[in-house]
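Inspection log for the structure reproduced underneath, given as structure tokens.
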Amino acid sequence: MSGNTLGLLFAVTTFGESHGPAVGCVIDGCPPGLELCADDIQPDLDRRRPGTSRHVTQRQEADRVEILSGVYEGRTTGTPIALLIRNTDQRSKDYGNLLDTFRPGHADYTYWRKYGIRDPRGGGRSSARLTAPAVAAGAVAKKWLRQANGIVIRGCTLQVGDIAIELRDWDEVERNPFHAPDAAVVPRLEAYMDALRRSGDSCGARLYVEALNVPPGWGEPLYDRLDADLAHALMGLNAVKGVEIGAGFDAVTQKGSEHGDELTPQGFVGNQAGGVLGGISSGQPLTARVAIKPTASIRVPRRSVDRAGAPTSVETFGRHDPCVGLRATPIVEALVALVLIDHALRHRAQCGDVALPVPPLGAGA
């Protein structure tokens, strides 16, 4: 009921607040026997970690993960895995002016209306800090998916503010702080972000994520469709305001002759469907795009009200990302992994014995 758990068979429950002692998660349902240690998780946390460039928040968190349970002698036991990430660089005084007022575009007002109480320090539970445990859990899911099915999940940034980015080189994504797949656009992005930070304002971003080697048949009709669960998980990421699967909104202007991916013995001719048909994976790459809104915490003075409803003005201090999308690539990858491993286990439970006399389209072609 309280919305802190993602998944059915591979269930991840996160806990903590931005300025509490720690954030973390409990993974319930991880298959036993998976070799697992902190070094399997840490690389993705390092990719998401704050303070890695001048273009993101300068909060200095090591984000070192601790495995508290569920692993014995280097292997998962099938029991709940508890992952802990300690907060070490909180500056709660930066939020003293938000005790009695609300940031426009943030969850301050809605949390207060729902619970009657809120933690104003860094947004508390609504902070993007809570994506760290999701990334940690996603790293576990990624390893199992890779070993069990050869699945590779990768993401990149396709737009920052009004600057579009071409998907030219996947190898370039990890070489720059923008996760941009085009080296030529990086100087322009750096200048844009430097100017944005000086102005005290923020911008949004568009991200792309894909999963390769997903077997056909994963997903459940009608209300547990694979694409519906992907959209549900990705919309659960802080600041996401839109999710597209495959062609997404471009499908509006397409004809049926263009959008419907033709089938041949060698495989599908296109992938407008984004790897999902009828809510079930087709065996093609699973593709999605995510729209992330501008950061709500900005230095530009904005109109607001206090808890008594009186008009006031809000200017946010502290350390914030001018564009939260710059650190979101490992997060969208993690969320896709969490959905896929859950559906992999659900498919194995119900349809693990299904065998057809012909291989999937394109197999061996």
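Computed from the coordinates by the stated procedures, all read-outs in this text should not be read as laboratory data. Everything numeric here is computed off the predicted structure, so don't read it as measured data. Note that we place each Cβ from the backbone using ideal geometry, even for glycine, and neighbour counts take in every protein chain shown.
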*Which angle from 0 to 90°, rounded to the nearest 10, does the C-alpha axis of helix 329-351 make with the longest principal axis of the chain?*
40
_What FRET efficiency comes out for Phe15 versus Thr77 if R0 is 25 angstrom and r is the Cβ-Cβ distance? Round to the nearest 0.05._
0.75
*Rounded to the nearest 0.05, what FRET efficiency do Asp224 and Lys114 have when you use their Cβ-Cβ distance and R0 = 25 Å?*
0.40
_the chain: calculated mean residue ellipticity at 222 nm from DSSP helix runs of at least 4, using -39500 (n - 2.57)_ = -7500 deg cm²/dmol
*Residue order, fewest to most beta carbons within 10 Å, for Phe317, Phe249*: Phe249, Phe317
*Just subtract the alpha-carbon distance of Asp353 and Leu212 from 0.36 nm times their residue separation and send over the number in nm, one decimal.*
48.4 nm
*Using θ = phi - 60° and the Karplus relation 6.51 cos²θ - 1.76 cosθ + 1.60, list the HN-Hα couplings for the range 246-251 in order, rounded to whole Hz, with x at every Gly or Pro.*
x, 5, x, 6, 5, 5
*Residue by residue, what Karplus-based ³J(HN,Hα) values in Hz, rounded to whole numbers, does the range 182-188 have, using 6.51, -1.76 and 1.60 with θ = phi - 60° and x for Gly and Pro?*
8, 5, 5, 8, 4, x, 5
*asked:* If amide hydrogens are placed 1.01 Å from N in the peptide plane, which non-local residues have theirs closer than 5 Å to the one on Ser18?
replied: Gly124, Arg125, Ser127
*Table column - 3J(HN,Hα) (Hz), the range 191-198, Karplus curve with 6.51, -1.76, 1.60, x for Gly and Pro*: 5, 5, 6, 4, 5, 5, 5, 4
_Cα gyration tensor shape of the chain, rounded if a/c is under 1.5, else prolate or oblate by comparing a/b with b/c_ = prolate
*asked:* Taking loop as defined by DSSP and a crowding limit of 12 other beta carbons within 10 Å, which trypsin sites (Lys or Arg not before Pro) in the range 274-361 fit?
replied: Arg307
*Whose amide H sits under 5 Å from the amide H of Leu158, counting only residues 5 or more places off or on another chain, with H placed in the peptide plane?*
Arg206, Leu207, Tyr208
*Full extension from Leu167 to Val152: what is 0.36 nm times the residue separation minus their Cα-Cα distance, to one decimal in nm?*
3.7 nm
_Helix 38-48 vs. the chain, principal-axis angle (Cα, 0 to 90°, nearest 10)_ = 60
*Got a sec? How would Leu340, Leu68, Leu356, Leu145 order by Cβ neighbour count within 10 Å, fewest to most?*
Leu356, Leu68, Leu145, Leu340
*State the extension gain, in nm to one decimal, for the chain segment bounded by Ala310 and Phe249, taking 0.36 nm per residue of separation less the distance between their alpha-carbons.*
17.9 nm
_Taking the number of other C-beta atoms within 10 Å as the exposure measure, put Met193, Met235 in order starting with the fewest._
Met235, Met193
*Name the long-range amide H neighbours of Arg75: under 5 Å, sequence gap of 5 or more, or other chain; modelled H, no Pro or chain starts.*
Leu36
